[in-house]
1. With springs only between Cα atoms under 10 Å, which of Val53, Val107, Val42 fluctuates most in a Gaussian network model of the chain?
2. What lysines does Lys126 reach when the alpha-carbon gap must be under 19 Å and sequence neighbours fewer than 8 apart in one chain are set aside?
3. At 0.36 nm per residue, minus the direct Cα-Cα distance, what do Tyr90 and Glu61 gain on full extension? Give it in nm, one decimal, please.
4. Work through the residues other than Ala44 whose Cβ is under 12 Å from its Cβ and net out their charges, Lys, Arg +1 and Asp, Glu -1.
5. Please find, in a Gaussian network model of the chain (springs between Cα atoms separated by less than 10 Å), the residue of His16, His79, His116 whose mean-square fluctuation is greatest.
6. Rounded to a whole number of µm²/s, how large is the Stokes-Einstein D of segment 17-127 at 37 °C and 0.692 mPa s, given Rh as the Kirkwood radius over C-alpha pairs?
7. Which net charge results when you count Lys and Arg as +1 and Asp and Glu as -1 among the other residues whose beta-carbon is under 9 Å from that of Ala93?
8. State the extension gain, in nm to one decimal, for the chain segment bounded by Asp103 and Ala44, taking 0.36 nm per residue of separation less the distance between their alpha-carbons.
Amino acid sequence: MGSTQIAWSEAMEIGHPRIDQQHKKLFAIADMLVNDGDHMRVMAILASLSEYVQVHFREEETLLAELGYPDLAAHKQAHDAFRTRLAKLYANAGGMLLGRIADEVRVLVNDWLANHILVTDRDYAKYLKPPAKE
Ligand SMILES: [Fe+2]
């Protein structure tokens, strides 16, 4: 308990400061969740994780639309799949043991989300405008 189990890594950097910040925050919330031993708090953290995932995906989808990213539809579908899985977990978590909730969150964030950032998000990085020169 208390040690970092779910962590963003530099390999996941997209190069868009706001998006990178949001990705980091998602990992931080998930890490807080798997390290908490109180069911009520875990439910509250799961609620804020779900809420922040919505905020982040919405913002990312808006950004991709602005960039004219050609694979936006497929990217949105991937986000929807994650939204559905997270909503299902939240719906069931009230009756689940903490260890199982933590396992599910590890799979969702450490596996699914990490892989999504490394592969699917990485693909739109080339459409980002380079930072303005001073
Ligand atoms: Fe994404």
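Nothing in this text is a laboratory measurement; each read-out follows from the coordinates by a stated rule. Treat the numbers as computed from the prediction; the structure is a model and nothing was measured. Ideal geometry is used to build each Cβ from the backbone, glycine not excepted, and the neighbour counts take in all protein chains shown.
1. Largest GNM mean-square fluctuation: Val107.
2. Reachable lysines: Lys76.
3. Numbers: separation 29, 0.36 × 29 = 10.44 nm, distance 2.29 nm.
Here the segment from Tyr90 to Glu61 would lengthen by 8.2 nm.
4. Working: positive: Arg41; negative: Asp36, Asp38, Glu51.
Neighbourhood net charge equals -2.
5. Largest GNM mean-square fluctuation: His16.
6. On the way: Rh = 14.5 Å.
The Stokes-Einstein estimate is 227 µm²/s.
7. Working: positive: Arg100; negative: Glu104.
Once all neighbours under 9 Å are counted, the net charge is 0.
8. Numbers: separation 59, 0.36 × 59 = 21.24 nm, distance 1.69 nm.
This chain segment gains 19.5 nm when fully extended.
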